[in-house]
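The values are calculated or read from the model by the stated rules, or taken from the named source; none is laboratory data. Small disclaimer: the values here were computed from a predicted structure and weren't measured. Virtual Cβ from ideal backbone geometry, glycine too; neighbours counted across all protein chains shown. All accessible areas refer to the heavy atoms of the entire protein, side chains included, with ligands and DNA or RNA removed. Shrake-Rupley method; radii C 1.70, N 1.55, O 1.52, S 1.80 Å.
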Amino acid sequence: MRNTTDSWWRSAVIYQVYIRSFADGDGDGTGDIAGLRSHLSYLAHLGVDAIWINPWYPSPLADGGYDVSDYRDIHPDFGALDEAKQLIVEAHELGLRVILDIVPNHTSDQHFWFQQALAAGPGSPGRKRYIFREGRGEDGSLPPNDWHAAFGGPAWTRTSDGQWYLHLFAPEQPDLNWDNPEVRAEFESILRFWFDLGVDGFRIDVAHGMVKDPALPELGLPEFCVMPDEGQENHPHWDRDGVHDIFRSWRAIADSYPDRRVFVAEAHVRPGRLAHYLRPDELHTAFNFDFLKSPLDADKLRTVIDRSINDLAAVGAPATWVLSNHDETRHVTRYGRAYTGVTTRMRDQGHPSSDRTLGTRRARAAALLMLALPGGAYIYQGEELGLYEVEDLPESVLQDPTWERSGHTVRGRDGCRVPLPWTGDTPPFGFGPAGSTPWLPQPEDWKSYTAEANQADPTSMLHLYRDALRLRRTNAGLSGEEFRWLDSPDGTLLFGRGNGLLCAVNLSDEPVPLPGACSPLLVSEPLDDNGLLPPDTTIWLYED
Ligand code: GLC
């Protein structure tokens, strides 16, 4: 039973396709639309409602495609626009909605606007589409202010004529000037271009960064920060109130289509601020990074869950839940560490040791927790196969700009972007045709993580995800918004959903009894010999 209503997104499970690494149809080592099309039925069978495809536009791939050089076409390595159109039709035929990734904070330095801006020189209209400034110091040789870039180094690069341009990310990603009406009009036109082709929505990259304080004041911070610190009310480039005007106009465009289109924000903001993005005339949903980053600790999770649901309910928006994505260490690996939360985004802490068996067990428990909560959920490709972070990629293959920009001190995000294993016993594990070489090497032991191997084992991660998603679709108690906490022992969580459905999560060190008078529906690990719920286990139950 597919959710066909206008508000499908309120409880949708959305599968993130990192297209470079999903499936390679033509054997060039890079995932592509052909590969994705040939696995759409796998995704439909998995039971998700939609796919979100990471940027697939023409791009020099200086930041994995988040450096877009043409927003209305497809990167030739990924295919062609006609194939994209076919993909949209085929996905819809299978009941899968399609969400694209829009990157409005910056373009590629190869985008014709930026090339024009460089050619046209200081003071030209072309430069006003970006953020160009004179430098400081007598000869202007110092950057205009002290802002830092995400992947290391200053947020400013000097051009050959002496002016500097702002880039909050890599130098190949110049920030656009959203105070320029031309920039606004262009992105509205890009949204319409893809909506007219039938896409169902957009994930908005760096939604909290698009508007800057034109005075460009000093920050006085030693390094780049993903979001404002606690108490920093008026940050000059994060979460400025001006972004909301943009999103109101985008919402009007989405609502102008009879089958309304949707937005999900990537917005790293201080507690309490996310709801501003999800007011009824703005965006529909946003990623819940607080949930992703939380340690697997019952009290901390309860706080995050409460805050997420309550803050967003105040503006009528549903919560969402997510455990992994293309920027974060895969959660099997995180959860196998002594500290199970995320401390810094860019992994500059090295790789603390991780117990994979424990991490996998906890990942199973976390998946059933996530999928039992009210609202939407995101699955990052490969988590349904139980994939772990590849922490030992040779330095020679690393592609994340972080590696270069940090002077080879931070390895970056490639370890969660290794191409998926589908079939067989040796690389490329069906990612591409036999004999092809994936753009990042796959570990030999991924032969036991392929979709094929998962399929053959009824106790696998894949079967757990499929069972959970089937129950979510067929059980109205899980797709509704009803939610209530129930008393449970220390170190555990217990909550009720509609139709007498309960979810119990044991994150303590001891087995705990099941709540009385209930029948098990789905469990992440078998109960112990005494019928108790073991540590690091989640169970779904029906009240008898
Ligand atoms: C977002 C993307 C990340 C990218 C950055 C710059 O955080 O998720 O992958 O590097 O934006 O576009």
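Give the Kirkwood hydrodynamic radius (Å, one decimal) of segment 36-89, defined as one over the mean of 1/r across all pairs of different Cα atoms. Numbers along the way, then the final one.
Numbers: mean 1/r = 0.0819 Å⁻¹.
Every distinct Cα pair counted, the radius reaches 12.2 Å.
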10 Å-binned pair-distance histogram of segment 112-166 (Cα, whole percent): 26, 50, 23, 0
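Can you give the Kirkwood hydrodynamic radius for segment 482-543, in Å, rounded to one decimal and based on Cα pairs? Before the final figure, lay out the partial values.
Values: mean 1/r = 0.0873 Å⁻¹.
Kirkwood radius, segment 482-543: 11.5 Å.
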In segment 40-59, which residues have a backbone nitrogen under 19 Å from the label point lying 7 Å from L81's Cα in the Cα-to-Cβ direction? 55-59
To the nearest 10 degrees, how steeply does helix 298-313 sit against the main Cα axis of the chain, on a 0 to 90 scale? 60
Dipole axis of segment 482-543 (+1 Lys, Arg; -1 Asp, Glu on Cβ), positive-most option in F483, L533, L507: F483
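Express the carbon and sulfur contribution to the solvent-accessible surface of segment 112-166 as a percent, rounded to the nearest whole number, probe 1.4 angstrom.
Carbon and sulfur together cover 57 percent of it.
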Angle check, please: helix 243-255 long axis (alpha carbons) against the longest principal axis of the chain (alpha carbons), in degrees 0 to 90, nearest 10. 70
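Students sometimes get this wrong: rank H276, H39 by accessible area, probe 1.4 Å, all chains present, largest first. Please report the intermediate quantities before stating the final value.
Details: H276 55, H39 35 Å².
My answer, sorted largest first, is H276, H39.
Starting from the coordinates of the alpha-carbon atoms of the chain, obtain the Kirkwood hydrodynamic radius over all distinct pairs and give the value in Å to one decimal. Walk me through the numbers on the way to the answer.
Numbers: mean 1/r = 0.0415 Å⁻¹.
24.1 Å is the Kirkwood radius here.
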Rounded to the nearest 10 degrees, what's the angle between the helix 461-474 long axis and the longest principal axis of the chain, both from Cα atoms, 0 to 90? 90
Amide H neighbours of F202 at under 5 Å, excluding residues fewer than 5 places away on the same chain, with H built from the backbone geometry, are L100, V262, F263, V264
Placing unit charges on C-beta atoms (Lys and Arg positive, Asp and Glu negative, everything else neutral), compute the dipole magnitude of the chain about its Cα centre in debye, rounded to 20. 840
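Between D529 and Y339, what length in nm is gained on full extension when 0.36 nm per residue of separation is reduced by their alpha carbon distance? Show your work: numbers first, answer last.
Numbers: separation 190, 0.36 × 190 = 68.40 nm, distance 2.95 nm.
Contour length minus Cα-Cα distance gives 65.5 nm.
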Among W156, A119, G135, which residue has its Cα furthest toward the positive end of the charge dipole of segment 112-166, with +1 on Lys/Arg Cβ and -1 on Asp/Glu Cβ? A119
Rank these residues by their accessible area, most exposed first, probe 1.4 Å: S59, S488. S488, S59
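Using the C-alpha gyration tensor of segment 151-251, what are the square roots of 5 times its eigenvalues, in whole angstrom, with the largest one first?
Details: eigenvalues 139, 64, 34 Å².
Those come to 26, 18, 13 Å.
Determine the dipole magnitude for segment 112-166: charges of +1 sit on the beta-carbon of Lys and Arg, -1 on that of Asp and Glu, nothing else is charged, the reference point is the Cα centre, and the result goes in debye to the nearest 20. Walk me through the intermediate numbers first.
Details: 6 positive and 5 negative charges, 56 e Å.
For this selection, approximately 260 debye.
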Given the protein chains as shown and a 1.4 Å probe, how many square angstrom of F483 are accessible, to the nearest 10? 50
In angstroms, what radius of gyration and Dmax does segment 225-301 have, counting Cα atoms only? 14.5, 44
How many Å² of accessible area per residue for the chain, probe 1.4 Å? 37
Scattering curve values for segment 308-347, log₁₀ I(q)/I(0), Debye with Cα scatterers, q = 0.20 Å⁻¹: -0.71
How about K212: which lysines have a C-alpha closer than 30 Å to its C-alpha, ignoring those fewer than 8 places off in the same chain? K128, K293
Nearest-10 value in Å² for the accessible area of I305, using the 1.4 Å probe: 0
Solvent-accessible ranking of D528, D509, D299, largest area first, probe 1.4 Å: D509, D299, D528
